Structures are given as structure tokens and as C-alpha cells.
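Please read the structure below before turning to the comments.
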């Protein structure tokens, strides 16, 4: 059976949300390298402009349209869709990639923070899908590609760390995409849907999330220490800032899969027509563990097994 996009993405039009950094940036770079024109939005417009500049410096054949948009704001997405319609038509590929982390506990965290994370990670996907679908209906073969997470099938980062907002949103994205498979097959058979479930990817999501949630503010960082039961009174403001930046750098640098590698895996999966795209060996491993023992997936013993097998994977 031939790949769904066996001739590649050259000459097509793609939309990538959150294209300013990480996997979004790498998707834009790799798509334009194939001659695909890409419209990308980001809430931090300087990052998206830097992505476009990198594509130009790479000598990529595809053109880039940059737009400012907060994906959790439907008005922003409507404006982005209108800008794309005036630029290129139809849209063939929609990568709902934008997301932020945070909003761990429903009980102790500020409700506004919880809802901010949920709105970006879930409503960002929903709004972009409903606003770009009309532009995709005339595509010869279009694809909606929604980024969920391993936290879309395993709602935990460990038994000591609540992770409710992000996980709830990513579960919603996964279920929505799976439901779209039948909906599109019946009502828009030229279109298909894929759900992307990355593991730990080397991106700047922690830095960007801190900025968007206000955690680059020292006083809020001190409160986060207090919420976690840690005394930060002996730390200067500069020391707290340095620790936050080191944490973000460590998250990116210690990831087993780079953002560029993740983008390649995603595009290869789309090219084949896969509806389910696991990104990274760690994602595959956790998927296998949860499927093998779902009843105990949220126990400390399960987490210990995950840590042991992750260490074995890194050493092999």
C-alpha cells in the first residue's frame, strides 16, 4: 500500500501552530525544506520570526507566513485563518502543535493557571481545527495532525507530582482525534487525522510555559517553592532565576529525542498515513507498560518499574 503522501509535501500548504520553538519550529523548517509553504503562529511573535529567518537562511524553497496568535483565544485563531486564506488556498496540512505545561493540581493551584494550561492545550486544538477545516475541504488529500502526549494515555509524571490540567487536555486531544477519524471518513473523505504522542522531547516548553504563566517572576517562583514545601528564604532573587533557567536547560538537554528528530518522526508518520504516531523510544516503552498493566499504572511500584526500564533503555 503506497504512503498517503508518497510524493512528499512539496507544493502543499501547511499550518503549524506554536511554530516559534521546539517541535513546531522544526516542523516548519523540514516542511519548507521540501518546498511546502507554511503559515505559522505563535504567541511570542519574535520566536516565530526567528523560525522564518532560519528557513530563509537554510535556503528552503517553501515560503513562511508568520502570524501572532494565542491559540486559546478563538478570535486570534479566526484572524489567523483569515490571514492564511488570503495568502494561500487550500490548506492541506494542519499541525495543531502549540502547547504549554503547568497547572499540576486542581486543589492547590490557582484556577486561572489550571484553565490557562487546559485552554491552550485543548481549545487551541479545537479552535484551529474548526476554523481551518473549511479551507481544507477542497484539498486533494489533507491531514489534521494533533499533538497529544504520552500524558494523553498516561496521566502522570510520577506519584509525587499532580499533573491534572496538562493530562486532561492531552487526553481530550487524543479522544478528539480518534473520533475525527470516523467523522472525516464519513463527511470529508479527502481528509484524515493523526494523533501525535511525544515522550520527553528536547524543547523549550518549560521556559515558554514559565513565561506565559508568569513563573519567570521571582515572587511567583518563591511561592512555587513554598507550595512544594521547600524553604527558599536563603536564596537570592538571582539564585532563584538561575535555578529556574538551569531546570529548563536540563529538561531540553537531557531529552532522549531532539525536537528535530521528533519532527522527522512526525512527518514520516504523516507521510505513511499513520493515525497514531508515538515519538521517542520512551513513549513506546511507557505505552507498552501501561497497556500491559493498566490497573496498576498509577501506583508507586509502576513508577519504579518505569524508572528502571528507562535507565536500562538509556544504557543499551
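A few remarks follow.
- Filtering the stretch 178-218 to residues that are over 20 Å from residue 261 (Cα atoms), in contact with a helix residue (DSSP H, G or I) (Cβ under 7 Å, 6 or more places away or on another chain) and modelled with pLDDT of 90 or more leaves 191, 192, 193.
- Per-region count, the stretch 268-316, residues buried (at least 17 other Cβ atoms within 10 Å of the Cβ) and part of a strand (DSSP E or B): 3
- The requirement of being closer than 21 Å to residue 282 by Cα, surrounded by fewer than 19 Cβ atoms within 10 Å (Cβ to Cβ), over 15 Å from the mean Cα position of the chain (by Cα) and without any contact (Cβ under 8 Å) to a residue 24 or more places away in the chain is fulfilled nowhere in the stretch 126-149; no residue meets it.
The values are calculated or read from the model by the stated rules, or taken from the named source; none is laboratory data. Predicted model, so just to flag it, every value in this text is computed and none were measured. In this analysis, Cβ positions are derived from the backbone assuming ideal geometry, glycine residues included, and neighbour counts consider all displayed protein chains.
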